[in-house]
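The next block holds one structure in the form of structure tokens; read it before the comments.
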């Protein structure tokens, strides 16, 4: 009997979108993303997507303390908050905030 060497689509490895920095309010306290931005991708940081995700309620002091954020794969953040997925194609320098009471974001200019 001949073996079937076809790999089913759902079994194929997905290509990673890279890593992102996430506020602990999202990653560990379950808040939704309220503010996200994409920094210039550092050549020193391997697989950095440039994306940074915040709940939007963090104080500057909170954000400045590096123990209040963690590195996750972008796909993990999509699992936490799927509403961000449609914006991840946007270029470096993009800043977005959630439109209050909705699943949409608006670009901050």
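Only the coordinates and a few stated rules stand behind these numbers; no lab work does. These figures come from a predicted structure and were not determined experimentally. Cβ: placed from backbone, ideal geometry, glycine included. Neighbour counts: every protein chain shown.
Observations
- Within region 40-54, being touching a residue at least 40 places away in the same chain (Cβ under 8 Å) and under 13 Å from residue 73 (Cα atoms) holds for one residue alone: 50.
- Annotation: of all residues in region 65-109 being out of contact with any strand residue (DSSP E or B) (no Cβ under 9 Å at 6 or more places or on another chain) and part of a loop (DSSP other than H, G, I, E, B), the one that is nearest to residue 39 (Cα to Cα) is 89.
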